[in-house]
Ligand SMILES: NC(=O)c1ccc[n+]([C@@H]2O[C@H](COP(=O)([O-])OP(=O)(O)OC[C@H]3O[C@@H](n4cnc5c(N)ncnc54)[C@H](OP(=O)(O)O)[C@@H]3O)[C@@H](O)[C@H]2O)c1
């Protein structure tokens, strides 16, 4: 078993961003759908409690997008109300075509998230990718964004992501990777390690489908031996044990689930042999 290599909160796994060495906690928070709640006071209160729990337990990386309805403005509003803006590592995306439209959308995201500069701006699903990367390279020089990146959610785009990160001037690639969708293992994660690109893992639970697959199935005793108290921790520890992975961003608006997910960044991680055992057990279900 492999012990965590460095810490964010004491005992919590953190990983360095290769382009700078800055360390970020290895479990973040996704906001797709779950933070699109501006119209509903009860759901907004759930999002507030989730964000508070996340930060209390050492979380920092929050991922959003203009594609996610009110998620950016809800995140910005709650972070301001909870006085935690300086504590978060805020990542969002540009998801439109054209240079001017891209600039307008990114300015809008900065306003909605209520920050002066973004920690990470990513080109969502590679939409008009070269246009936005050109803008982002300028914005990085002038300090409007600290890091730039590209994202996709589907294995069909992994070859394109690989081509873009190969030259080594992209700080982050965000990609789907899980026991249910392990294809990034084939080439992309190795390419990220070679090009010193940080990896954010989206869809770590295949949008929740993995929980439906293990419903009513007990967690194997041997998984408890590496500190998995729940299926969520089993899924996340498998991801985090890949050395190229910097951070996974499970989406939730449930404070209990966010605490569960952050628990995966504590204690041991599986070694290669244990990862293989975890994968074949999951495949057998
Ligand atoms: N192209 C892209 O750039 C792209 C594409 C997809 C996703 N993303 C990013 O990646 C994030 C994660 O992906 P995702 O939200 O689509 O899928 P996901 O994280 O794989 O799954 C989210 C689902 O898992 C459930 N869940 C979370 N923690 C749980 C726990 N501990 N126990 C039981 N259920 C749990 C959530 O339900 P509850 O709400 O009930 O907890 C939700 O239904 C997104 O939010 C987004 O930020 C980016």
Taking 2.2 N^0.38 Å as the expected size of a compact globular protein, what ratio does the Cα radius of gyration of region 149-222 give against it, to two decimals? 1.26
Only bridges with both residues in the chain count here: give the DSSP antiparallel percent, nearest 5. 20
For 274, 67, order by how many other beta-carbon atoms lie within 10 Å, fewest first: 67, 274
Just for the Cα atoms in the chain, what are the lengths along the principal axes, largest first, rounded to whole Å? 54, 45, 32
How do the peptides 54-64, 96-106 rank, highest first, by the average count of neighbouring beta carbon atoms within 10 Å per residue? 54-64, 96-106
Which residue fluctuates most in the GNM of the chain (Cα springs below 10 Å): 263, 168, 21? 21
Value of Rg/Rh across region 171-259 [Cα atoms, Kirkwood radius]: 0.99
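Every read-out reported here was derived from the displayed coordinates using simple, explicitly stated rules and does not represent laboratory data. Just so it is clear, the structure is predicted and the values come from calculations on it, not from any experiment. Please note: Cβ atoms are built from the backbone with ideal geometry, for glycine as well, and neighbour counts cover all protein chains shown.
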